[in-house]
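Working notes for the structure below.
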Amino acid sequence: METPKYLQVLWNYKWVLAFGALVAAVAAFFAGFAIVDGQVVSRAQQTWSAATTMLLTSESDRLYQAQVPGVPIEQGTSDPQVIDMSSTALVYAYILSSDIIQDAVEAEIGPLDDETESISALRRTTQPTGDERFPGRYNLPVLEAVGTAETADRAEEISRAAAAAFTTYVVAQQDAQQLAPELRVLLEPLGASPAVEGDSSNPAIPVVVTFVGVFLAFVVLVFVIAGLRSRSAKRKAARAETAAADAAEEPVSETDAAPLTPADVSDDIALDAEAGELVGAGPPSRRSGRAPREDETA
């Protein structure tokens, strides 16, 4: 079975491919890792998230009461309406994630990186150990301010600053509306959880992609070089064939004629003898033109 042409080309340039594999390996290493302070550090983007939990309550909250006592009803007035704090927590999550709170946080701890740092909020729907990526069935008046960053310390700093900025914002809004203390929503801190590492990018992806890309570039280079050399060889062969054809079409000169053989020379001498002149005997003598004498005839 004959070896395919492309495999023959690759084998002929195996040293170029070996050099390409070495270059691809070096490029892939630096695509996936970096050397920082003499240590090899992965370039994979890591994220950390920290949460500060707050409970929405009020001075008239009955959370710790076992029974609601009766109150006298005055004629002409309606019963007070209790606001559902769990629904309020959902609205507060949007406010906490808004640009207003982010501007206040940046004024406190510095600008946030748009690519790696963020502020978000959510209303809890699960047990304290649950994960809100898989929401539960509870509607709780519990709000979490979540900070995300590349390091654990920075994530915790963002989360704490966001919770404090949101609390300050709510108090300012209540003061602006001149709400009585017993009518105000209170944000009671429940705790600040330490930062946890989130999902990070796969460090193997840039390594594999870079290696394959660089090595394929060398494979393409090999085929390009082979193609150029093949076309050059074909042009040289075509010029040689053209020169040979031109030489064959030129007329043969007298100097280029084939040399005479001894048989041809003897034939020429015989022909000259028949004509009355011997080739190579020199010019005829004076006696050849006179009549023969008697003694010569005898």
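The values are calculated or read from the model by the stated rules, or taken from the named source; none is laboratory data. Since we're looking at a predicted model, the values are computed, not measured. Cβ: placed from backbone, ideal geometry, glycine included. Neighbour counts: every protein chain shown.
Details
- Taken together, the criteria place T53 among residues that are modelled with pLDDT of 90 or more, within 30 Å of V185 (Cβ to Cβ) and not aromatic (F, W, Y).
- Matching residues in the range 173-205 - criterion: being modelled with pLDDT of 85 or more and either touching a Phe, Trp or Tyr at 6+ places or on another chain (Cβ under 6 Å) or of a type in the set (S, T, Y) (or both): S193, A195
- Qualifying residue in the range 99-115 (condition: surrounded by 15 or more Cβ atoms within 10 Å (Cβ to Cβ), closer than 20 Å to L183 by Cα and in contact with a helix residue (DSSP H, G or I) (Cβ under 8 Å, 6 or more places away or on another chain)): no
- Considering residues of the range 7-22 that are over 27 Å from the mean Cα position of the chain (by Cα) and within 14 Å of L221 (Cβ to Cβ) only, the residue surrounded by the fewest Cβ atoms within 10 Å (Cβ to Cβ): N12
- Residues that are among the charged types (D, E, K, R) and either within 22 Å of the chain's Cα centre (by Cα) or under 21 Å from V16 (Cα atoms) (or both), drawn from the range 212-249: R229, R231
- Taking first residues from the range 219-246 that are touching a residue at least 12 places away in the same chain (Cβ under 8 Å) and partners that are among the aliphatic types (A, V, I, L, M) and assigned to a helix (DSSP H, G or I), the Cβ contacts under 6 Å between residues at least 6 apart in sequence or on separate chains come to V222/V16; A226/V9.
- The residue that is surrounded by the fewest Cβ atoms within 10 Å (Cβ to Cβ), counting only those in the range 133-156 that are in a loop (DSSP other than H, G, I, E, B) and in contact (Cβ under 8 Å) with a residue 12 or more places away in the chain, is R137.
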